[in-house]
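Peer 1: Let me begin by handing over the structure; questions about it come next.
The values are calculated or read from the model by the stated rules, or taken from the named source; none is laboratory data. Since the model is a prediction, treat every value here as computed from it, not as a measurement. Cβ placement follows ideal geometry from the backbone for every residue including glycine, while neighbour counts extend to all protein chains displayed.
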């Protein structure tokens, strides 16, 4: 009898939890820019629903505008996906987005003389961030984050 009660409890729990578990969103972030001849120039990050079972599948559900003088390059997430790091070419080469606060607002990380923010890597404990910065004259250390400078680019 105890076995039947246990099985019934497990089955009932799984049935009750199934709608909650299947409700998780599958979203993708991608950077975009307007075509060269389109005025005014637009640059931003689009959030798209990529869940094939969603009614919004393939639709852009959010737009995070970026400065038109920014040329977004790559998006990196830290280990727990609480922050997104956007690298760029030229002006303001590094942006950080706190993914736990909505609406999403990119914050510029000042890196004087940097022409290209290329790669971002994270320590196993997610406490340190390493940036590959091209064109800077000196390396910077900021609050638990380290910059690697490649002076040859």
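Peer 1: Pairs needed: first member in the range 26-39, at positive phi and modelled with pLDDT under 90; second member anywhere, surrounded by 12 or more Cβ atoms within 10 Å (Cβ to Cβ) and part of a strand (DSSP E or B); C-beta distance under 6 Å; at least 6 residues apart or different chains.
Peer 2: none
Peer 1: Condition first: buried (at least 16 other Cβ atoms within 10 Å of the Cβ) and within 18 Å of residue 106 (Cα to Cα). Now tell me which residues in the range 48-66 satisfy that.
Peer 2: Those that are buried (at least 16 other Cβ atoms within 10 Å of the Cβ) and within 18 Å of residue 106 (Cα to Cα): 48, 64, 66.
Peer 1: Quickly run through the range 103-136 and pick out the residues that are part of a strand (DSSP E or B) and under 16 Å from the mean Cα position of the chain (by Cα).
Peer 2: 107, 108, 117, 118, 119, 120, 121, 122, 129, 130, 131, listed by residue number.
Peer 1: Do the conditions hold for residue 59, that is, is it modelled with pLDDT of 75 or more and either in contact with a helix residue (DSSP H, G or I) (Cβ under 7 Å, 6 or more places away or on another chain) or more than 19 Å from residue 30 (Cβ to Cβ) (or both)?
Peer 2: For residue 59, the condition - modelled with pLDDT of 75 or more and either in contact with a helix residue (DSSP H, G or I) (Cβ under 7 Å, 6 or more places away or on another chain) or more than 19 Å from residue 30 (Cβ to Cβ) (or both) - is not met.
Peer 1: For residues that are in contact with a strand residue (DSSP E or B) (Cβ under 8 Å, 6 or more places away or on another chain) and in a loop (DSSP other than H, G, I, E, B), scanning just the range 86-102, find the one that is nearest to residue 132 (Cα to Cα).
Peer 2: Filtering first and then ranking leaves 93.
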